[in-house]
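Written out below as structure tokens is the structure these notes cover.
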Amino acid sequence: MQTYMLTIGTKVYYTGDMANHDGHFVIVAYRNGAQYDLKEIDGDRDFRGVRFVATEYKGNCGDRFVTREAWEANRAARIEESKRAFYRANYLAHERATQS
């Protein structure tokens with residue numbers, strides 16, 4: 001759980017919702033001492049008064065805003081998991097083919 005303010009310039013991933021697509025943002029200001037103002041990177045959306053930006057991403061929409069660093073770590077882990085599943089499936093297919 002985050003107990004400190006992230007620095008201005010921290011990149012943030014927004015997970016999106018039914019009406020809004022996901023995207024990458026940057027913290028541009030603080031509001032009321034405990035909230036963030038975000039501006040979309042390469043876009044025109046902004047969010048004002050965001051109360052919480054998670055520093056760990058679980059790959060779901062449980063936290064709407066997470067640091068980009070956490071999003072990238074989760075993405076890299078999922079890619080590695082996919083690679084392992086691909087290699088395992090190929091290995092098992094090869095094993096089945098050689099046992100015939």
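The values are calculated or read from the model by the stated rules, or taken from the named source; none is laboratory data. Quantities reported herein were computed from a predicted structural model and do not represent experimental measurements. Methodologically, a virtual Cβ is constructed for each residue, glycine included, from the backbone with ideal geometry; neighbour enumeration extends over all protein chains shown.
For the range 1-24, enumerate the residues that are in a loop (DSSP other than H, G, I, E, B) and surrounded by 15 or more Cβ atoms within 10 Å (Cβ to Cβ).
Matches in the range 1-24: 6, 10, 15.
Consider the range 66-100 and keep the residues that are of a type in the set (Asp, Glu) and within 16 Å of residue 15 (Cα to Cα). The one that is surrounded by the fewest Cβ atoms within 10 Å (Cβ to Cβ) is 72. Restricting the range 25-65 to residues that are of a type in the set (Gly, Ala, Ser) and in a strand (DSSP E or B), which is farthest from residue 15 (Cα to Cα)? The qualifying residue farthest from residue 15 (Cα to Cα) is 29. Pairing each residue of the range 71-100 that is at negative phi and part of a helix (DSSP H, G or I) with any residue that is at pLDDT 90 or above and of a type in the set (Ser, Thr, Tyr), provided the two are 6+ apart or on different chains, yields C-beta distances under 9 Å for 71/13; 71/15; 71/57; 72/13; 72/57; 73/57; 74/57; 75/57. When the range 8-29 is filtered for residues that are farther than 25 Å from residue 77 by Cβ and either at pLDDT below 95 or touching a Leu at 6+ places or on another chain (Cβ under 6 Å) (or both), the ones remaining, listed by number, are 18, 19, 20.
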